[in-house]
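Just so it is clear, none of the values below were taken in a lab; they were calculated from the coordinates. A quick note: this is a predicted structure, and the numbers were derived from the prediction, not measured. So basically every Cβ, Gly included, is an ideal-geometry build from the backbone, and we count neighbours across all protein chains shown.
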Amino acid sequence: VVITEKENELISDTSPGTPAGEVLRRYWQPAALTAELDEQRPVLPVTLLGERLVLFRDERGRYGLMDRHCAHRGADLCFGRIEDGGLRCVFHGWLFDAQGRCLEQPAEPMGSRSHLHVTQRAYACVERNGIVFAYLGPGDLPPLPQADCFAAPSAYTFAFKGLVECNWLQVLEVGIDPAHASFLHRFLEDEDAKDAYGKQFRDEVGGGMPLTRILREHTRPTIDVSETSYGLRIDTTRDLSDVERHYRITNLMFPNAIVIPMSRDMTITQWHVPIDNHTCYWYALFTSFGAEVDQAAMRAQRLALYEVPGYRPRLNRHNDYGFDAADQRTRTYTGMGADINVHDQWAVESMGAVQDRTKEHLGKSDVAIIKYRKMLKAAMSAGRAHDAQGEPIIAVDLIGPANDAGCWREFDRERRLRAPWKP
Ligand SMILES: [Fe+2]
C-alpha cells in the first residue's frame, strides 16, 4: 500500500471544508474538560478542527461554543463577562447567549432592534462525565455513541486530556497498533501490581502474570481485525504456552476514538481531537466496572505529569521526553521513564508535525491502520455519519485457554453482571 502526498493530506487535514474535516464534524467531539471551566471562571479559548472558538458556561449551567471573534468588530470573546444570561463582549457590551443569539447591543440607540439581526456562529454542546462534547457538523444532532463511558454514572468514570504536538491521525494510529506495546512500553522489570492503580499496562492479567512480562516476552502477536457497527475490533493474541493464551481486545470507535482495557475492571475511551493540523488533544474517559473511581487520586497522579492550563506534558520534545541513558539500560525500553503516555508522545511527535506517509513501509502488524484508512476514505465519499448502533464495544485483557477464542466474551459478560451499575 503506497500513499501519495495528496492522499496523505486528504486523510490528515481536518480544516473546515476538507473531506476528513467533514467526517470528524459529523460526530460529537470533546471540546474541553469540565474541570477547565472550573479553574478560574467558566470561559475558555478552544480551538477545534482549526476553528478558533470560545467555550463558556452561563449562569444557568448551559454551555455555549461560539466563534471567538465578536460579530461586531472581531474583538476576542475569551475576555468576555459571564452575565445576564450569556457572554458579554468587553469591547462594546454586546451580549450573546449560548445559541449565539445577540441579546443586547447597549451602545446602540435606545429602542434599536438591530441586535435581532446579529448572530454569533455557535455549535451545540453536551456535557457527559467530565467532558464537554461539541457538534460542529450539519443537520440534526446525532446521539452520543452507545458506549460504556456514557452509560456509567459519573462516580465510575474519570476524565483527563493531554496535548500532543503533531497531527491527530498519527496519534490515533498508535492507538490501533497493538504490536508497539511490546517494545515502546516495555518495562525491563515488573513492579508490584499493588502500585499499579490508575496506570496502564501494569495490572496482573491472571495467574499472577503481570502484563508487562507478557508484552516483554511475546513480541509477535497475532492481530485479527474485524469491521463492526461502531468501527473496528482488534483481537490481539499472544500464545503463552500450548494451553494458555493472552487475549487483548481493543477497538476503534469511528472516526477518532479508541476503546481499550486499562485493567481488569477499567476501560479507557480515548478521542484524538485535532486542535489544528499540527496539534491535537487526547481526551480519555476512564470507566470502571468495579468500584467507584478515585477521581482525586487519578487527577493528582496526572497533574504531576501535565501542566495546567493547556495540559502539556512536563516531559516533552523540549526536554527530550526526560530521556535518561541509565533508565534505558536498566528500567525501560525507551529510557523515558514509566509513564506510557510519554512513550507514545515521543513516538508520534518524532514523526514530525504530519507524518510523511509516502515514505512508510507498513508490515503485517499494521493491519488495523490499513483498514482504518480505508474506512476513513469510504466515509469521505459516503458524505454522512455511519449507523453505529448495534454491537457492544468490549475492551478486555485476560489470559484464557488457548483453545477457547471466545473466552473474553464470557469474561466481559460476567464483569457486566457484577458491575454496580447497569452496563
Ligand atoms: Fe502506546
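With a 10 Å cut-off between alpha carbons and a GNM built on the chain, which of G85, G363, G175 moves the most?
Its mean-square fluctuation being the largest, the pick is G363.
Net charge near V23, counting Lys/Arg +1 and Asp/Glu -1 over other residues with Cβ under 10 Å of its Cβ? All intermediate terms of the calculation are to be shown ahead of the outcome.
Details: positive: R25, R26, K377, R384; negative: E22.
Charge balance near V23 sits at +3.
Considering the options L163, A107, L417, tell which one lies farthest towards the positive end of the dipole of the chain, charges being +1 on Lys and Arg and -1 on Asp and Glu at the Cβ, about the Cα centre.
A107
Mind checking the log10 I(q)/I(0) for the stretch 1-156 at q = 0.13, 0.21 Å⁻¹? Debye, one equal scatterer per Cα, no solvent, two decimals.
So the normalised log intensities are -0.68, -1.31.
Helix 407-418 sits at what angle to the longest principal axis of the chain, using alpha carbons and giving 0 to 90 degrees rounded to 10?
Tilt of helix 407-418: around 50 degrees.
Stretch E414-S226 to full length: gain in nm at 0.36 nm per residue minus the Cα-Cα span? Intermediate values should be presented prior to the final figure.
On the way: separation 188, 0.36 × 188 = 67.68 nm, distance 2.32 nm.
Here the answer is 65.4 nm.
May I ask for the net charge around D76, where only other residues with Cβ less than 14 Å from the Cβ of D76 are counted and Lys, Arg are +1 while Asp, Glu are -1?
Around D76, the charge tally is +4.
If I stretch the segment between D76 and T47 completely, what's the gain in nm (0.36 nm per residue apart, minus their alpha carbon distance), one decimal?
9.1 nm is the gain from fully extending D76 to T47.
What percent does the relative contact order of the chain come to when contacts are Cα pairs within less than 8 Å and at least six residues apart?
Computed over the chain, the figure is 19 percent.
Treating only the Cβ of Lys, Arg, Asp and Glu as charged (+1, +1, -1, -1), what charge dipole size does the chain show about its Cα centre? Round to the nearest 20 debye. Before the final figure, lay out each step's value.
Values: 50 positive and 59 negative charges, 133 e Å.
Computed charge dipole of the chain: roughly 640 debye.
Lys and Arg at +1, Asp and Glu at -1: add these up for the other residues within a Cβ distance under 14 Å of E217 and post the number. Walk me through the numbers before you get to the answer.
Numbers: positive: R186, R213, R216, R220, R238, R245; negative: E189, D190, D239, E244.
My count for the surroundings of E217 gives +2.
Round to the nearest 10 and give me the degree value, 0 to 90, for the angle of helix 340-349's Cα axis relative to the longest principal axis of the chain.
It is inclined by approximately 70 degrees.
Test of understanding: ordering C280, C78, C102, C89 by Cβ neighbours within 10 Å, fewest first, what list do you get?
Numbers: C280 27, C78 17, C102 21, C89 24.
Listed from fewest to most nearby Cβ atoms, that is C78, C102, C89, C280.
Report the trypsin sites (Lys or Arg not before Pro) located in the stretch 1-105 that are in a DSSP loop and have at most 16 other Cβ atoms inside 10 Å of their Cβ, or state none.
Listed in order of number, the matching sites are R60, R62, R73.
Could you identify which residue out of E104, E307, E360 has the top mean-square fluctuation in a GNM of the chain using Cα springs shorter than 10 Å?
Largest GNM mean-square fluctuation: E360.
If you rank F286, F254, F323 by fewest surrounding Cβ atoms within 10 Å, what's the result?
F323, F254, F286
Taking Cβ-Cβ under 4.7 Å as the only way to count a partner, pick out the unpartnered cysteines of the chain.
C78, C102, C125, C149, C166, C280, C407
Compute a Gaussian network model of the chain, connecting alpha carbons closer than 10 Å, and tell me which residue from T287, T47, T14 fluctuates the most.
T47
Can you count the Lys pairs in the chain with C-alpha separation below 19 Å, eight or more apart or on different chains?
Details: K6/K359; K6/K371; K6/K374; K6/K377; K161/K199; K359/K371; K359/K374; K364/K374.
Here the count comes out as 8.
Going by how many other beta carbons lie within 10 Å of each one, how would you line up V396, V126, V354, fewest first?
Ranked by crowding around the Cβ, least crowded first: V126, V354, V396.
Once the Cα atoms of helix 367-382 and of the chain are each reduced to a long axis, what angle between those two axes, in degrees from 0 to 90 to the nearest 10, is obtained?
Roughly 30 degrees between the two axes.
Once you wrap a convex hull around the alpha carbon atoms of the stretch 279-326, what is its projected area averaged over all directions, in nm²? If you can, show how the numbers build up before the last one.
Values: hull surface 21.0 nm².
Answer in nm², one decimal: 5.2.
Quick one: go through the stretch 269-290 and flag any residue whose amide nitrogen is under 20 Å from the point 7 Å out along the Cα-to-Cβ line of M380.
Backbone N within reach: 272-280.
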